[in-house]
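Before we start, here is the structure in question, set down as structure tokens.
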Amino acid sequence: MARFDEKVALVTGASRGIGAAIALRLASEGAAVVVNYAGSRDAAVSVVDAIVAGGGRAIAVQADVTDPAACTGLVQSTIDAYGTLDILVNNAGITRDGLLVRMSDEDWDAVLTTNLTGVFSMTRAAAKVMMKARTGSIVNISSVVGIAGNAGQANYAAAKAGVIGLTRSVARELASRNVRCNAVAPGFIETDMTAKLTDAQREAIASGVALGRFGSGEDVAAAVAFLASDEGSYVTGQVLAVDGGMTFA
Ligand code: NAP
């Protein structure tokens, strides 16, 4: 029996990058997966096709996590398709980088609304189902930037630090209902989000990583799978850095 047989997982922002790797990993271990996306329908359908081609179960569902009603609808679509929701991975996220003194209100709001309020809205919607079922695992994708900060990313760092506080509060609040909540804090991972870095920036970043390289979506997915699975059944409220040794907190 595979780790996620008979489990239902919902992964936000699973059309590309880390979210796609997480969806593929959970499905490869037996989960029925809802592949959420905002605008990249074709990419999300490709992820679903890859899962189905491998003998798994998946559907693509469009929803913008900045819209609380859409978050409720996304959870409902999961229930309609698969009957329950065991695992929620809050992965959807954006960057709008800029130096503090030049950062616009719009760039601040966009990042906080997507990366923090989106996690809150999804978690609130999913918690109702999980608390009733008296089982569930929520994994939030934070970032090392939320732990250490980063020049040019005040909005992103604030949102990702907020995700850690939210994770720990949810872990405390839902533990009595057997619902766990943890965070993964990736370092620099090869995705569209980091593709815009220059070679000089990449070298500077890699030199600050003990393992000397960027990570992959699969590296993050492996940690998410552990926390989401019963193997992590005594782990809640934790932040697991998957950063090749950038932070040693
Ligand atoms: P990515 O390649 O840019 O993909 C972002 C994903 O989020 C896409 O699937 C996108 O959907 C989705 N998304 C964006 N806004 C959304 C919204 N409002 N509603 C629903 N989905 C939305 O990013 P990534 O690098 O894989 O990052 C995934 C997560 O890991 C993010 O939370 C990011 O902050 C975090 N992270 C990344 C790194 C890194 O080095 N890459 C490091 C630490 C943490 P569409 O395709 O439909 O636009």
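Take L85 and tell me if it is at pLDDT 95 or above, in contact with a helix residue (DSSP H, G or I) (Cβ under 8 Å, 6 or more places away or on another chain) and within 16 Å of the ligand (Cβ to nearest atom).
no
Mind listing whichever residues of the stretch 174-194 are more than 9 Å from the ligand (Cβ to nearest atom) and in contact (Cβ under 8 Å) with a residue 12 or more places away in the chain?
The answer is L174, A175, R177, N178, V179, R180, C181, N182, A183.
Can I ask one more? Write out, first by first residue and then by second, each pair whose Cβ atoms fall under 7 Å of each other, whose residues are 6+ apart or on separate chains, and whose first residue, in the stretch 11-26, is farther than 22 Å from D230 by Cα while the second is acidic (D, E) and near the ligand (Cβ under 6 Å from one of its atoms).
Close Cβ pairs (under 7 Å, with a partner that is acidic (D, E) and near the ligand (Cβ under 6 Å from one of its atoms)) amount to R16/D192; G17/D192.
Of everything in the stretch 182-195, what is in a helix (DSSP H, G or I) and acidic (D, E)? Give them in sequence order.
Residue satisfying the conditions is D192 alone.
Still on this model: Only one of A14, A23, A2 is assigned to a loop (DSSP other than H, G, I, E, B), on the phi < 0 side of the Ramachandran plot and within 15 Å of the ligand (Cβ to nearest atom). Can you tell me which?
Testing whether each residue is assigned to a loop (DSSP other than H, G, I, E, B), on the phi < 0 side of the Ramachandran plot and within 15 Å of the ligand (Cβ to nearest atom) leaves just A14.
Looking at V33, V48, V61 in this structure, which one is β-branched (V, I, T) and farther than 19 Å from A225 by Cα?
V61
Here's something else I'd like to know. Scan the stretch 195-232 for residues that are within 11 Å of the ligand (Cβ to nearest atom) and either touching a Lys or Arg at 6+ places or on another chain (Cβ under 8 Å) or over 19 Å from G245 (Cα atoms) (or both) and report the count.
Looking only at that region, the number is 6.
Confirm whether R134 is away from the ligand (no atom under 13 Å from the Cβ), among the basic types (K, R) and under 16 Å from the mean Cα position of the chain (by Cα).
no
I've got another one for you. Restricting to the stretch 129-165, count the residues that are of a type in the set (D, E, K, R) and free of Cβ contacts under 8 Å to residues at least 40 places away in the same chain.
Of the residues in the stretch 129-165, 1 are of a type in the set (D, E, K, R) and free of Cβ contacts under 8 Å to residues at least 40 places away in the same chain.
The values are calculated or read from the model by the stated rules, or taken from the named source; none is laboratory data. Computed from a predicted model, the values in this text were never measured in an experiment. Positions of Cβ are generated from backbone atoms using ideal geometry, with glycine treated the same way; all protein chains shown enter the neighbour counts.
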